[in-house]
Structure formats: structure tokens, C-alpha cells
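Let me begin by presenting the structure, written as C-alpha cells, before commenting on it.
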Amino acid sequence: MIVDAYVALGSNLNNPLKQVCRAVASLDALADISVIQQSSWYRSVAIGPNGQPDYINGVVKITTSLQPLALLDALQTIENQQGRTREIRWGARTLDLDLLLYGEHPFQHERLSIPHAEMHNRNFVLQPLLEINQNIRMPDGTIVSELLNAIGTAGLEKLSSKNAE
């Protein structure tokens, strides 16, 4: 079965724009995943320990035949290939790939929660997600644009194509 899914990408280390672009290419190169749409890139202030550089964030829509945990494994493999370490919660990172939505159904496991547990609090996820799909809803029917309206877009800067090169 082929399922639509949405993946958030973020990086704030080692040339972040290059990191997220490389991750999109790596996702699309996998046999069981096709990247269908990609948002613009956004600069956002880091969440977590002080003193971190800003993040570059975006979202891709993919189709996949992988089940949620297998897809999570594929995402973590790409993160690891790009030098991701998990030493400090919400610390700086070369790459962060978060599975936001998988089809239209929630999924709960000790390793994975779908929808992503914090996406409703993150304008750097919601804005690029809405850029791809203006009418998207959470599995419980919540309208994503209403979530973004509730938290606003402060601290979020859409990169122009000139900035993105």
C-alpha cells in the first residue's frame, strides 16, 4: 500500500541549507520513498539551549510503501549518515528529520507518535506544511491553518531563492 506522508527537515550545523537539500535528495533516492512536493526553506530561531545558530527548516510530502517504524528507521539512517548525534535534547544538529503525518491516521509506539507530538507548537513546521497543502488537517480533524493562526509566525523568515543558493 502506498501512503502519503509529511516529513519536516531541519539543520543548524555544518552548512544547514546544504544539509537539508542533501537530505531531500537522500529521501528521494530510496527505493520505497518518492518526494512529491517540497516547501520553501525557512530560517527560524533555535528552540532549546541558548547560543545555538538559527535553523533552516522545510517540509516534504512523500509517498511511501514503508510502514511507520520502517520509515522512521530510514529517516534516522539519513540523519546518521549526515553526522547527527543525540547528546543534548533540542541541541544543535546537522540534521533533524521528523515524521509529521502518515496517511490520515494516528500512530502510537514507544519510538514514534503520529502526528508528531510537538508539531502544533512549531510554526517552522506548520508554515511549510501549509505551503504544500493549504487544506491539510490533523488526523483528529483539526485544521492546520488554525493551529498556525493560534501560534503566529514570529521568528520565521522565508528564504528567497537567492538566499537558498
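The values are calculated or read from the model by the stated rules, or taken from the named source; none is laboratory data. Quick caveat, the model's predicted, so the values are computed rather than measured. Methodologically, a virtual Cβ is constructed for each residue, glycine included, from the backbone with ideal geometry; neighbour enumeration extends over all protein chains shown.
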Q) Restricting attention to segment 13-28, which residues are in a loop (DSSP other than H, G, I, E, B) and among the aliphatic types (A, V, I, L, M)? A) 13
Q | Yes/no for residue 4 being modelled with pLDDT of 95 or more and not in a strand (DSSP E or B) | A | no
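Residues checked against (1) in contact with a Phe, Trp or Tyr (Cβ under 8 Å, 6 or more places away or on another chain); (2) not polar (S, T, N, Q); (3) not in a strand (DSSP E or B):
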residue	(1), (2), (3)
128	yes, yes, yes
131	no, yes, yes
139	no, yes, yes
145	no, no, yes
149	no, no, yes
153	no, no, yes
157	yes, yes, no
160	no, no, yes
Q | All positions within segment 111-127 that are polar (S, T, N, Q) and either without any contact (Cβ under 8 Å) to a residue 24 or more places away in the chain or on the phi > 0 side of the Ramachandran plot (or both) | A | 113
Q. Does segment 29-49 hold any residues that are touching a strand residue (DSSP E or B) at 6+ places or on another chain (Cβ under 8 Å), more than 16 Å from residue 155 (Cα to Cα) and outside any loop (DSSP other than H, G, I, E, B), and which are they?
A. 33, 34, 35, 36, 37, 38
